[in-house]
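> So that we are looking at the same thing, I have put the structure below in structure tokens.
Values quoted throughout were computed directly from the atomic coordinates according to the rules given, and no laboratory measurement underlies them. Please read these numbers as outputs of a predicted model, since none were measured by experiment. Don't worry about glycine lacking a Cβ; one is built from the backbone with ideal geometry, like all the others, and counts go over all protein chains shown.
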Amino acid sequence: MKSASKNRTPSIVNLTVKRRYLTEREVERLMDCARKYGRYGHRDATMILVAYRHGLRASEVCDLQWQQIELSEGCLHVHRVKNGIPSVHPIRGDEMRALRKLRRDYPTDAHVFVSERGGPISPIGFHRLIQRLGEAAKMPFPIHPHMLRHACGFKLANDGHDTRALQHYLGHKNIQHTVRYTDMAPDRFKDFWRGC
């Protein structure tokens, strides 16, 4: 008797490669949805923005503390998990304003992103939040927090940033983990036939 998987005829659905990242426009759509539909819209949108801009893993953004952020200097001290390389990232204007508002809203908390109970949001809670927002934003595929990290890598690679610099920005010890963003960046072929 043949297995059911061998009898199945190929279709567009089961041959489609699932995308592992979000585009910049999709990240903005997710943040807009967080602002409109969530009880803690500003906090949730800021959490998405920070995770995306700095390529943070779910556990890294959930564990982010105010002592890692220098609002006066405009920099974020990133502590990586998985034995990654720590680094200092600049904070842009819109992110700075969002973080300042969050600090005013939660002036005594040690963690940047706090739950209703006063403790840090858990990685599982962040995962559920991203899933809910993806559904509310009517994303054509299920999304998860690590897609924000991949979105950061692809965005920076498409913008033409050096692979070695990208490696340090994302905290990769091994450059092989970074090369995937430049290997698969669709914009890198954009000018190949221009002027021929």
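> Using 1/(1 + (r/R0)^6) with R0 = 35 angstrom and r between the beta carbons of Lys101 and His79, what's the FRET efficiency to the nearest 0.05?
E(calc), rounded to 0.05, equals 0.90.
> Evaluate E = 1/(1 + (r/R0)^6) for Asp162 and Gln67, where r is the Cβ-Cβ distance and R0 equals 41 Å; express this FRET efficiency to the nearest 0.05.
The value I calculate is 0.85.
> Compute the label zone of Arg180 within segment 125-162: residues whose backbone N is under 13 Å from the point 7 Å along Cα-to-Cβ.
Output list for this probe position: 146-154.
> So, one more: Taking the Cα centre of segment 24-147 as the origin, how large is its charge dipole in debye, to the nearest 20, when only Lys and Arg (+1) and Asp and Glu (-1) carry charge on their Cβ atoms?
Around 240 debye, computed over segment 24-147.
> Return the sequence-ordered ³J(HN,Hα) values of segment 97-112 in whole Hz as given by the Karplus equation 6.51 cos²θ - 1.76 cosθ + 1.60 applied to θ = phi - 60°, using x for Gly and Pro.
Calculated HN-Hα couplings, in order: 4, 5, 5, 5, 5, 4, 5, 5, 6, 10, x, 9, 7, 7, 8, 6 Hz.
> Within segment 29-133, report the trypsin sites (Lys or Arg not before Pro) that DSSP leaves as loop and that have at most 15 other Cβ atoms within 10 Å.
Arg39, Lys82, Arg92, Arg117
> According to a simple spin-label model (label point 7 Å from Cα along Cα-to-Cβ), what is the distance in nm between Arg128 and Ser87?
Here the answer is 3.3 nm between the modelled labels.
> Return the subset of Lys82/Lys155; Lys18/Lys138; Lys36/Lys82; Lys36/Lys101 for which the Cα-Cα distance in this structure is over 25 Å, preserving the input order.
Lys36/Lys82
> May I pose another question? Hand me the GluC sites (Glu not before Pro) from segment 44-138 located in a DSSP loop with no more than 10 other Cβ atoms within 10 Å, in residue order please.
The qualifying sites are Glu73, Glu116.
> Using Cα centres only, tell me the gap between segment 92-123 and segment 34-63 in whole Å.
One Cα centre to the other: 10 Å.
> A further question on this structure: With each label point set 7 Å from Cα along the Cα-Cβ vector, what nm distance links Glu28 and Ser59?
3.4 nm
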